[in-house]
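No lab work stands behind these numbers, since they all come straight from the coordinates. Please read these numbers as outputs of a predicted model, since none were measured by experiment. With ideal geometry, Cβ positions are generated from the backbone for all residues, glycine too; neighbour counts draw on all protein chains shown.
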Amino acid sequence: MTAVVRDGDRFLLARQSDSGRWSLVGGGVEPGEEPRAALQREVREELGVGSDIIRIVGAYGGPLLENVYPDGDHVGYVTVAYLCSLDAAAFALDEDEVLEIRWVTLAELGELDHHEWIDQVLHDAVR
């Protein structure tokens, strides 16, 4: 699940602790968990704030969401991106997952070392 948080022409990105790259906030669904609840849990865990889900932006997969793990396992992920609003502006980042956050415009996105799959998500969010 992926959270797209928008403020006018800016989007909230998080620099991930594991890769150092910029991406959107999100994560996996725990067993028995509903997708919307999973996303709200991930936002609270990573950013320390509550969120409201507005609508689905889209579902994404394909080559840009593939990964090869050190043990050789090759997997392809699928994520559903939701447009969200946040309940508060004061963040309490989980430093095990998020190094920093930043509001960026689509024009500024290209200047950051980011996961390429989020380009399509953010462009779809403004349509």
Could you check the spin-label model distance between Val126 and Ala37? Points 7 Å from the Cα along Cα→Cβ, value in nm. 3.6
Can you tell me the length gained on complete extension of the stretch Ala107 to Phe91, counting 0.36 nm per residue apart and subtracting the Cα distance? 3.3 nm
Normalise the Debye intensity by I(0) for the chain, one equal point scatterer per Cα, no solvent, then take log10 at q = 0.16, 0.18, 0.19, 0.20 Å⁻¹ and round to two decimals. -0.78, -1.01, -1.13, -1.27
Rough spin-label spacing in nm, given labels placed 7 Å along Cα→Cβ, for Val68 and Val29: 2.9
